[in-house]
Each structure stands twice: as C-alpha cells, then as structure tokens.
Amino acid sequence: MNREGPIQITLQFARPEFLLDVDLRLPGTGITVLFGASGSGKTTMLRCVAGLERAPRAIVTVNGSEWQHDGSVFLPTWRRPLGYVFQEPSLFAHLNVEQNIRYGLSRGAPSAQASPVSLDSVIELLGIAGLLHRKPTELSGGERQRVAIARALATRPQLLLLDEPLASLDQLRRREILPWLGRLRDELKIPMLYVTHAADEVARLADYLVVLDRGRVRAGGPVSEVLSAINPLVVLGDDAGALLEVHIAEHDRRWNLVRVAFPGGELWLRDTGLPPGQIARVRVLARDVSIATERPTHTSIQNILPCFVESIAADVEESQSLVRLRCGESILLARITSRAVDSLGLIGGMAVWAQIKAVVLVD
Amino acid sequence: MTSWLNHESVETVLVTLRLAGLTTILLLILATPIAWWLAHTKSGWRVPVASMVALPLVLPPTVLGFYLLVTLGPHGPIGQLTQALGLASFAFNFTGLVIGSLIYSLPFAVQPLQNAFEAVGERPLEVAATLRASPWDAFLSVALPLARPGYLTAAILSFAHTVGEFGVVLMIGGNIPGKTRVVSTQIFGHVEAMEYAQAHALAAGMLLFSFTILLLMTWLNRNPMRALS
C-alpha cells in the first residue's frame, strides 16, 4: 500500500459493532472511493476526518496541516478547510438555493492554499444556474444533491468528503448526477473521499480504491490494481473483471466501431458516439476473456492481445480458475476452466494471447 | 353601560398586558437554553429537569403561589435576602408577579421550543459546521430560523397563559389596583360585588382575545413564510 501521499488518516475507534482500525496515506488528487458494506465503518471514518466524530486515537493530516493528533490537537469541524456532502442533501430549508451556496462563502477567510474554484464556475459546473432563486422544497432530489455539492465546493475546500451522495436517489436520478461527479473529478484539482457501497460508482468514479470490512482495510491502491487482484475483494456487478482507462483513438464509420488505446494495447468496441481524444473507462469481464498459447487465426474475435500470465488462482466455482494476465502496463483477468489451465500447461511468466469477446463501456 | 370601560378597567388591562408581555420576552430568553439542553443532552439529568419544568402544568396554581409567597415574602429566605440588599420584598408587587408568571408559564415556553429544536435535529448544525460556522453562528443562522414556528407557538402560549393566570396572582399579587390587579382577578372582584355588567365586558374581552390568539396561531403555523414578510 502507498506509504506516501499528502493525506494521512490513522484511526482507532471502538464502535459498538466493530473496531475501526485504519492507517492510510491517500493521494492528493482524484477520487478515493471508500468501499464496503453497510456497517464496515466507512461513514464513521469520514465523520472522523471531518471532526464530526471524535476518535480518541487518531491522526488526520491533510496537505501538511494537522487536523487531529490523538488528544493533543483537535480542530473543530468548522475550522477544517473541508467540504462535506451528506447522504441526504440537507439543504437549509429557510434559505433559497443561492443563499445556501453562499452560506459557507461569507464564513472564514479562504485558506492560503485555497483551490482555484470560483463560485461561478461551481454553479456552471453543476448546472444549477437556473435554480438559484428557488427554495429547496421546489427542487427534485437530484437537483438538491447537486446544490449540496455546489455548496460544499463554494467554500474552496482542500478536501471534499462525500458520504454516499447518491444513495438517497432513485436509479434515474443517480444516472443524472454521476456525470456531474465525473466532471468534478476531471475539472477540479480537489482530492475527494467518496464513500459508497455501489459497484457502478466505483467503476465510474474511483481513481484510488480502499476496501473496508468491519473496520479494517482489506485492500487499497489504484482502482485498476485493486479490481484486477487475483482474489478480487471487489466484484463489480455480476462478475470479476478489469477496469481500463482508455482514450478514443479512431472511428471506423463503415462498421460502426471505435478503436480505443490503453497502456498495453488497443481494443475495438461499439461506437457510442464518443469523440476522438475523449477519456473513457471500459470493463473487461473475466468471463469474456479466453486464452490461447498461439496467436489465433480464423476467429470471429476482434480483440486479441499478447500478454504474460502473472498468476493463477482457483475461482469460487470449483471447475473454474481465474488467471491474471499482464498486458503492457495493464492487467486483465480471464476466467477459464481448470482443465484448460492444465491442458494448455499455463504457468506464471508464460507468453499467451488473450481473446476478448466483449468490452463494456462504463457510463 | 357607560362605565363598562372605566379608568380602573383600562389600568387593569394595561397591567395585564405589561405583565404578559414582559413575561413572554423574559421566558423566550430563559427557555431557550433550557429547551436547547433538553433537546440535545444525553445526560441522566434530562428526565428530572424536564419533569421540574413541567411541574407547573400539574401543580395547583394556589400551591405554587403559596410557596412563592413563603419564599419571596418579607419573612421568606429570598425576601430576607432582597431586603438585606436594600430591595423590597417581591411579595405584593409587580416584580413578584413577573417572577410568579415566569415559573407558572415556563413549560408553555420550554416545551414548544424543545419540540422545535428536536425537529430541527443535529444534521443542519453539522452541515453548518462543515460550512465554517462556529457553534454560536450555527445556532443564530440555522437553528433559530428553523425553530421559528416553535418560537411563535411558545410566545403565543406564554402570553395567553400569563393573561389567564389567576391563582398565583391572587396569592402573591395582592390584587392592588394599578399595580398587581389583572383582568382575571378583576373579573372575580366584579362577580363578588355583583357587578355583572363590568364582569361581562372584561370576560367577553378575554373570550375574544383567546379566540383571536388561537386563530392567529393556526394561521401563522400554516403560513410561516407569510409571517416573515
């Protein structure tokens, strides 16, 4: 696990259900997702970082300034340069949208290392310019949560904490907000700690992933690494698989295909209208990857990549094995039968060809 | 019916309004920290304190008035103290009446405020803290405005309940015209003197007053925003 990183969170906090015991160094940019089932301690951890809960033994350091050090240093929440988005939007009912957003602005001088985010750009970024004079009761659930995010960003936080911001919304509203969160990640330089138990949010948003289980950190690292572990702790959707960050390279108008490049190779997938140069995420499910020891010819499969076998592990199903393949700088997972492993004589370090039957664009 | 609102009646009404108005203002200030504490504390003292505050609801007003008379009167412990400090005893004067009213109407201010603070909950205060508001700032800018309906109810109930008080006033006030005589005691006086016409005038006034209060309260609670503008 990363021992560097400008955000340190070290906590020991006894709760009735579990002992929260974490020691993390997190990156200073992008979205760090804290992933775990309910009761795993992720919300408690976020509240401790914010100072809303006071863990007796804790060190919280952000960009060199100490927010808490056991009993000796404890900045109250209102003195910490953070933004917090709660599960329910929790807008102030007695203020309109603009007053809600400006509430934090007038309080406390922006810190020296304030992020270069202006109020107008936040309003623009979240698409709420048309709502400024409405009352919270006149907004939809999705609009309320967007306003809550804007309100948190308006204080120019050095760290944005989001506690399952989509959990109180229905599927339609979630789809409405996810792209906005993606924009925040891409356009702001503020590090975010994002708590969720929803796999699709991990696939869509996470740059760095921390998996919590009953108060303990089970895995932590760049999202593609954690997801492509040989014993994946995090299974997105119905199957294990790798998550690749790709950029759109070329359109094939005749066949409605698009070529995408990633560190380790290229893939062809269905053209969904993304412009060239656009960054996107694709998932390659383990069950859609098969392995050949010689370059396959005369096959319908369009995506064939040269790889090395890194490791092989038994799958949950007795007859299946999970093979971890290194493809340039990227990792793929393949689910094949154990008999195939044996008959192909697969061992670590072997050069093979990965045949990819399907690639799913994450949106 | 020429004397239905004579000088004496006007004086009595003014004393009543002054008493109820002053009591209401002091009560809102006094009840706020008590209600806040009751709404937020996890201390074991919560239930005993809540019961103490609610006591005037069940205690016969004459009992309350009696104990106030005993403590505040010239021979009572507080009476002795105030006299030693060069002040008069509080029995049979307006100050004593205010003190009695404060205790008598306390639950009518504390309970609506406590309910309002509980309805506001911790979350808006936590949100305010994450937006750089100090606890005092958050109280003024978030908790108070959100608890506004509770303050309206508390004010109206305290005022009305003080106007209607009788037993305590009779015990501690002494029914002195222009000083401690209020509408309710004067109605009693008129009835004792068989002056039904005067009693009717004041009683009808009280009836109208109470009805208006209830109407106002319902209206304000239904339209909190109209009450603002």
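Structure notes:
To keep it simple, each residue is scored yes or no on (1) in a strand (DSSP E or B); (2) away from every other protein chain (no Cβ under 14 Å); (3) among the polar types (S, T, N, Q); (4) over 29 Å from A:Ile177 (Cβ atoms).
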site	(1), (2), (3), (4)
A:Thr10	yes, yes, yes, yes
A:Leu24	yes, yes, no, no
A:Leu52	no, no, no, no
A:Trp67	yes, no, no, no
A:Tyr84	yes, no, no, no
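- Restricting the stretch B:129-144 to residues that are within 7 Å of chain A (Cβ to nearest Cβ) and of a type in the set (S, T, N, Q), the residue that is surrounded by the fewest Cβ atoms within 10 Å (Cβ to Cβ) is B:Ser134.
- None of B:Ala129, B:Ala160 is at negative phi, among the small types (Gly, Ala, Ser), assigned to a helix (DSSP H, G or I) and touching a strand residue (DSSP E or B) at 6+ places or on another chain (Cβ under 9 Å) except B:Ala129.
Conditions (1) touching a residue at least 12 places away in the same chain (Cβ under 8 Å); (2) crowded, with 19+ Cβ neighbours inside 10 Å; (3) more than 10 Å from every other protein chain (Cβ to nearest Cβ), marked per residue:
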site	(1), (2), (3)
B:Gly121	no, no, no
B:Leu146	yes, yes, no
B:Pro149	yes, no, yes
B:Gly173	yes, yes, yes
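- Candidates are the residues of the stretch A:86-108 that are of a type in the set (Ser, Thr, Tyr) and at the interface with chain B (Cβ under 7 Å from one of its Cβ atoms); the one that is farthest from the chain's Cα centre (by Cα) is A:Tyr103.
- A:Thr293 among the β-branched types (Val, Ile, Thr) and at pLDDT below 90: no
- Here the helices (runs of 4 or more DSSP H) wholly within the stretch A:136-229 that include at least 3 residues being in contact with a helix residue (DSSP H, G or I) (Cβ under 8 Å, 6 or more places away or on another chain) and either closer than 25 Å to A:Val323 by Cα or among the acidic types (Asp, Glu) (or both) are A:199-205.
- Among strands (runs of 3 or more DSSP E) entirely within the stretch A:264-363, having at least 2 residues that are surrounded by 19 or more Cβ atoms within 10 Å (Cβ to Cβ) singles out A:265-270, A:279-285, A:289-292, A:303-314, A:320-327, A:330-337, A:351-356.
- Within the stretch A:242-263, tally of residues that are in a loop (DSSP other than H, G, I, E, B), charged (D, E, K, R) and under 21 Å from the mean Cα position of the chain (by Cα): 0
The values are calculated or read from the model by the stated rules, or taken from the named source; none is laboratory data. None of the values given here were measured: they were computed from a predicted structure. Cβ: placed from backbone, ideal geometry, glycine included. Neighbour counts: every protein chain shown.
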